[in-house]
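Below: one structure, written as structure tokens.
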Amino acid sequence: MSRVESVQQAFRETFGMAPEGCWQAPGRVNLIGEHTDYNQGFVLPFAIDRQAVVALRRRADGRVRLASAHPASKPVAGRVADAGAARGWSAYLLGVVWALQQRGVEVPGFDLFVDSTVPTGAGLSSSAALESATALALNELLQAGLSREELVLVGQHAENDVVGAPTGILDQSASLLSEAGHAVFLDCRSRESEPVPLDLPGAGLVILVVDTKVSHAHADGGYADRRASCERAAAALGIAALRDLEPADLPRAERLLDQETFRRARHIVTENARVLETVSVLRSAGPGEIGGILDRSHRSMRDDFEISSPELDLAVATAQANGALGARMTGGGFGGSAIALVREPDAGKVGAAVEAVFRTAGLAAPDVFEVLPGPGAQRLV
Ligand code: ADP
Ligand code: MG
């Protein structure tokens, strides 16, 4: 049975009728561009080959019933009118309903079953996969006529205002705007996006994700603190956002800022430059040549922005020492996941080396798995 058939069957078993359709939306990996989003800079994520699939059927009575194949997510039933008050896992889906309602879309009620292969909390944005699949499905079935770019904002508002997580547009953009075999180059100021070729199989490469399964207690405080540093630096330099600071301006910035704030600002400036460099190298030479940029990005996050962790540094150094072309932590930092760009035949060796070194160091076993660029969100049937 195909994946979509099994989701259709699960929907029928749960709700006693066939769904009207099935939609998928992928998780993502951020290839490069960390903490640049809220500085109105550049990011370069790609949709991965793991997706949330939702099956949906409209109801006329204003009620909504939600179920997930995920064992930790109990079925939820309620009223569409209460969408904005949703809590727990249903907040990601009902947050989308609420954000659509805010835009004047009338949502009549529906039954929805979701089955996702994006692991939760591994830094691959299982949450945006859920939101994007739901937003695309409702937009189509209700003929709401919103563009993909508007659906990105619908997902963001769901996450900001109903879930309560202060996230940008990176995750939903990757999920909704990706094309197969491409990364999404996103300008977080203008919100313009462009596909950039990322043919890993064609170059004999894969990306290994190392989920350290460690989230340090100060992660939330650290994120807010870095944001505050960036805002302070921009204010002291008289610019709207650190996006407006050019590499050539760094000596002046160093004179005006205290040492720590300067290093934070330097990460943003050099990281934006590295995103642009990665885009240009991907277009001219291909993914086999971006390893060094990934390595430099990690050093900048470790030494200048100080958001890495001992586990992430160990994963990155071990991957680099065992033949990875490049490696870096990815995501907000203070734990979470690292990525390594490796030749396909080396993937097993690199993964085993990382697992071995974590064992020797007495650390919890990481999850190591391969991802490839996959298609963006789309209707399946
Ligand atoms: P990430 O997006 O990095 O995976 P988040 O904490 O942002 O981590 O989102 C994870 C949450 O999303 C889960 O705790 C759960 O509430 C929800 N979620 C993700 N996938 C599923 C799923 N398949 N079924 C139900 N809820 C899910
Ligand atoms: Mg998330």
Identity of the residue in the range 185-205, closer than 19 Å to A327 by Cα and hydrophobic (A, V, I, L, M, F, W, C), that ends up farthest from the chain's Cα centre (by Cα): A203
Residue within the range 54-62 that is part of a helix (DSSP H, G or I), among the charged types (D, E, K, R) and surrounded by fewer than 23 Cβ atoms within 10 Å (Cβ to Cβ) present: no
Qualifying residue in the range 54-67 (condition: under 21 Å from the mean Cα position of the chain (by Cα) and within 16 Å of ligand 2 (Cβ to nearest atom)): no
Residue match in the range 92-105 (condition: free of Cβ contacts under 8 Å to residues at least 12 places away in the same chain and either outside any helix (DSSP H, G or I) or within 25 Å of the chain's Cα centre (by Cα) (or both)): yes
Set R79, R87: member being away from ligand 1 (no atom under 11 Å from the Cβ) and either modelled with pLDDT under 95 or of a type outside the set (A, V, I, L, M, F, W, C) (or both): R79
Residue ID - nearest to ligand 2 (Cβ to nearest atom), chosen from residues in the range 106-126 that are of a type in the set (S, T, N, Q) and assigned to a loop (DSSP other than H, G, I, E, B): S125
Output for the range 309-330, where each listed residue is under 22 Å from T261 (Cα atoms) and surrounded by 24 or more Cβ atoms within 10 Å (Cβ to Cβ): M329, T330
Residue match in the range 141-153 (condition: within 16 Å of ligand 1 (Cβ to nearest atom) and not basic (K, R)): yes
Positions within the range 165-190 being farther than 30 Å from G202 by Cα and either without any contact (Cβ under 8 Å) to a residue 60 or more places away in the chain or more than 16 Å from ligand 2 (Cβ to nearest atom) (or both), in sequence order: A165, P166, T167, R189, S190
Any chance P19 is more than 30 Å from F334 (Cβ to Cβ) and either surrounded by 23 or more Cβ atoms within 10 Å (Cβ to Cβ) or of a type outside the set (F, W, Y) (or both): yes
Set V29, V96, V54: member being within 16 Å of ligand 1 (Cβ to nearest atom), of a type outside the set (F, W, Y) and closer than 30 Å to L325 by Cα: V29
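One line per residue, one yes/no per condition, for (1) assigned by TED's automatic domain parsing to the domain that holds R87; (2) at pLDDT 95 or above; (3) under 20 Å from R328 (Cα atoms):
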| position | (1), (2), (3) |
| --- | --- |
| V152 | yes, yes, no |
| H157 | yes, yes, no |
| T167 | yes, no, no |
| L176 | yes, yes, no |
| A180 | yes, no, no |
| L208 | no, yes, yes |
| S215 | no, no, yes |
| G222 | no, no, yes |
When residues of the range 105-123 are limited to those that are of a type in the set (A, V, I, L, M) and within 7 Å of ligand 1 (Cβ to nearest atom), the one nearest to L312 (Cα to Cα): A122
Residue selected from the range 73-91 under the condition assigned to a helix (DSSP H, G or I) and under 25 Å from the mean Cα position of the chain (by Cα), by the criterion surrounded by the most Cβ atoms within 10 Å (Cβ to Cβ): A91
The range 127-150, residues that are in a loop (DSSP other than H, G, I, E, B), out of contact with any Asp or Glu (no Cβ under 8 Å at 6 or more places or on another chain), over 22 Å from T167 (Cα atoms) and touching a residue at least 24 places away in the same chain (Cβ under 8 Å): A144
Pick from the range 183-233, criterion acidic (D, E) and part of a loop (DSSP other than H, G, I, E, B), ranking: surrounded by the most Cβ atoms within 10 Å (Cβ to Cβ): D199
Matching residues, the range 124-140, being of a type outside the set (A, V, I, L, M, F, W, C) and more than 15 Å from ligand 1 (Cβ to nearest atom): N139, E140
Residue tally, condition out of contact with any helix residue (DSSP H, G or I) (no Cβ under 6 Å at 6 or more places or on another chain) and aliphatic (A, V, I, L, M), over the range 315-336: 2
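The values are calculated or read from the model by the stated rules, or taken from the named source; none is laboratory data. These numbers come from a predicted model, not from an experiment. Cβ: placed from backbone, ideal geometry, glycine included. Neighbour counts: every protein chain shown.
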